Amino acid sequence: MKRRLFCAALLLMFARLAGAQQTVMLEQDIACDSVEVQQLRVQLTRIIMTTDNEQSKDEATRKIVELTRQRCVPLTGIFTVKEKANGLLKVITTDGTQLWLVE
């Protein structure tokens with residue numbers, strides 16, 4: 001009886017520890033250094049996908065490419081999720097950098 005109780009306690013402890021940190025598997029997902037940058041990328045993507053005006057599409061495409069080049073990186077692997085906000089996830093890289101990506 002004591003052994004079963006001990007095993008049950010261990011299982012509960014490990015389950016609690018495992019649930020404490022959520023992880024996410026990424027495959028070349030674009031992560032940016034701030035919420036604002038990632039939200040701007042989402043807005044520009046919406047413009048590209050919804051507008052019929054070619055000039056607006058071209059301008060939004062140029063902005064998103066430049067913004068991504070300057071403030072974002074592609075991530076591949078398993079990362080710890082630190083926070084969620086407005087459809088975005090904040091993940092922590094192995095070197096401790098905190099980046100935002102679209103959920």
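What the table below lists for this structure:
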quantity: Cross-link partners of LYS57 among aspartates and glutamates (Cα-Cα below 15 Å; sequence separation of 8 or more within a chain); calculated: GLU66
quantity: Accessible-area ranking of ASP52, ASP29, ASP95, ASP58, largest first, probe 1.4 Å; calculated: ASP52, ASP95, ASP58, ASP29
quantity: Region 25-47 residues near the modelled GLU59 label - backbone nitrogen below 16 Å, point 7 Å along Cα→Cβ; calculated: 43-47
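The values are calculated or read from the model by the stated rules, or taken from the named source; none is laboratory data. Everything quoted here is computed from the prediction, not taken from an experiment. Neighbour counts are summed over all protein chains in view; Cβ atoms, including those assigned to glycine, are modelled from backbone coordinates with ideal geometry. In case anyone asks, the SASA skips ligands and DNA or RNA and just uses the protein heavy atoms, side chains included. Shrake-Rupley method; radii C 1.70, N 1.55, O 1.52, S 1.80 Å.
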